[in-house]
Each structure stands twice: as C-alpha cells, then as structure tokens.
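Some notes on the structure that comes next.
The values are calculated or read from the model by the stated rules, or taken from the named source; none is laboratory data. On a predicted model such as this, the values are computed, not experimentally measured, just so you know. Because the Cβ atoms are built from the backbone with ideal geometry, glycine has one as well, and the counts that use them run over all protein chains shown.
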C-alpha cells in the first residue's frame with residue numbers, strides 16, 4: 001500500500017535507525033503471527049473482520065494464515081524494514097492489488113531503492129503480470145497503526161485512517177484532488193495516490209478503527225507507546 005508523503009505529519013519514531021543500516025536483516029520488525037494478523041485486520045471496521053482472510057509475512061514470503069469466505073483480504077505492507085502499513089482489499093483488489101503489495105514489500109525488504117521498485121512494478125504491469133482491478137472497489141486503511149517510511153524526509157510518518165477507492169490511471173488533475181485541501185479543513189476531499197494501475201482515490205475518515213486486538217497482541221514488538229506518542 002501506498003505513500004502519503006504530503007497528507008500526513010511526518011514524525012520520527014523511536015525505532016528509526018541510521019540510513020546506512022536500514023536494510024540490515026536485524027533492523028526488521030519481528031512480529032508474531034497473532035500481532036501481524038491483528039495489525040492487518042485493524043485496517044477494517046471491526047464489523048467486517050470476522051469475514052476477512054489474512055496474509056502474514058514469513059521468512060519465505062507472505063503466507064495465508066487465516067482463510068475466510070468473506071470478500072476482504074488483509075495484509076501488512078512494508079515500504080521499509082521498520083514500516084507497517086495495514087490494508088484490506090475487497091474481492092477485486094484481492095486478485096489484483098494484493099499481488100502488487102506482496103511484490104513491493106519483497107523488494108523493499110531486500111533493500112531495493114524506490115526508483116528501482118517503481119521500474120520493476122511498471123515492467124510487471126506492462127507484461128500484465130500485475131494488473132488493475134477489473135471493477136470499482138475499495139481498500140480499507142482505517143488502522144491507527146499506519147507507519148510509512150517517507151523517502152523525502154527520510155523518517156517514519158504516521159498516516160491518518162482513510163479509505164481508498166480503486167482509480168486506475170487517474171490523476172489529481174482528472175478529479176480536482178488536492179492534498180492541501182484534504183488536510184486543510186475538509187478532510188473528506190478526495191486525493192489520488194499512487195497513480196497508475198493500482199492508483200486510488202483516497203478519503204480520510206473521522207476516526208480509526210478499533211485497536212484493542214493490536215494493543216493486546218503486539219506489546220513489545222512494535223514499541224506501541226513510542227509510536228503513539
């Protein structure tokens with residue numbers, strides 16, 4: 001999932017480490033399966049979680065650790081070894097967006113630079129290995145634990161809870177989107193992020209989803225107190 005460089009207040013977390021060792025294996029956040037599943041599901045409103053499937057990251061890549069018959073699939077993307085980006089895609093996104101999330105996470109954790117990750121993504125899109133959703137749909141990012149690495153500031157930032165509607169190949173010029181207006185008094189103003197086949201029209205929500213499962217299952221793993229301060 002997605003970089004909100006302009007719509008969130010950049011904050012430096014206690015776990016930010018020198019850039020020279022960012023990609024080192026021991027710099028990665030180590031999460032138990034229970035913690036990562038809780039983080040992934042926290043992207044959804046609590047009323048939708050029982051019907052969601054969940055992927056968690058293992059040493060061999062993402063593994064489906066909770067399968068459900070509902071339409072949503074949840075996952076914690078990484079754009080940096082210390083980032084956690086919970087998101088839940090509907091059925092259309094499960095078949096299209098989730099494979100892209102897995103690839104981008106794989107590259108980020110391997111230390112591949114952002115520009116090269118974008119090139120690789122474009123190459124897979126051109127080969128139709130990665131593709132746009134086949135219909136309109138939604139990806140939820142309502143977690144209170146969206147912590148994304150900001151390449152511009154070279155620090156971690158906390159991204160407000162939001163929802164994302166699939167908007168492949170649209171731009172802010174197409175829809176009149178504005179980061180400044182979205183953050184400057186009318187938080188419902190739409191914004192296009194990640195323009196391309198996995199682009200989204202994004203809208204901030206009033207409040208994040210319930211965090212009780214994350215607080216219960218992730219203590220000592222993601223330094224919640226420091227992240228939330």
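For segment 62-82, what are the residues that are farther than 20 Å from residue 117 by Cα, in contact (Cβ under 8 Å) with a residue 12 or more places away in the chain, surrounded by fewer than 23 Cβ atoms within 10 Å (Cβ to Cβ) and touching a strand residue (DSSP E or B) at 6+ places or on another chain (Cβ under 8 Å)?
Scanning segment 62-82 gives 65, 66, 67, 68, 70.
How about segment 97-121: which of its residues are out of contact with any strand residue (DSSP E or B) (no Cβ under 7 Å at 6 or more places or on another chain) and in contact (Cβ under 8 Å) with a residue 12 or more places away in the chain? Give the steps one after another, and end with the answer.
Taking segment 97-121 as the starting set, the residues that turn out to be out of contact with any strand residue (DSSP E or B) (no Cβ under 7 Å at 6 or more places or on another chain) are 99-100, 103, 107-121.
Residues satisfying the conditions are 99, 100, 103, 107, 108, 109, 110, 111, 114, 117, 120, 121.
Looking at segment 128-229, what strands (runs of 3 or more DSSP E) fall wholly within it and have at least 2 residues that are surrounded by fewer than 14 Cβ atoms within 10 Å (Cβ to Cβ)? If you could, list the steps in order and put the result at the bottom.
Values: elements: 138-141, 147-150, 155-158, 162-166, 191-193, 200-204.
No strands (runs of 3 or more DSSP E) qualify here.
State whether the residues of segment 142-151 include one that is at positive phi, out of contact with any strand residue (DSSP E or B) (no Cβ under 8 Å at 6 or more places or on another chain) and at pLDDT below 95. Spell out the reasoning first.
Initial filter on segment 142-151 (at positive phi): none.
Scanning segment 142-151, I find no residue that is at positive phi, out of contact with any strand residue (DSSP E or B) (no Cβ under 8 Å at 6 or more places or on another chain) and at pLDDT below 95, so the answer is no.
Taking residue 85, is it without any contact (Cβ under 8 Å) to a residue 40 or more places away in the chain, crowded, with 21+ Cβ neighbours inside 10 Å and within 17 Å of residue 194 (Cβ to Cβ)? First the steps, then the outcome.
Values: without any contact (Cβ under 8 Å) to a residue 40 or more places away in the chain: no; crowded, with 21+ Cβ neighbours inside 10 Å: yes; within 17 Å of residue 194 (Cβ to Cβ): yes.
No.
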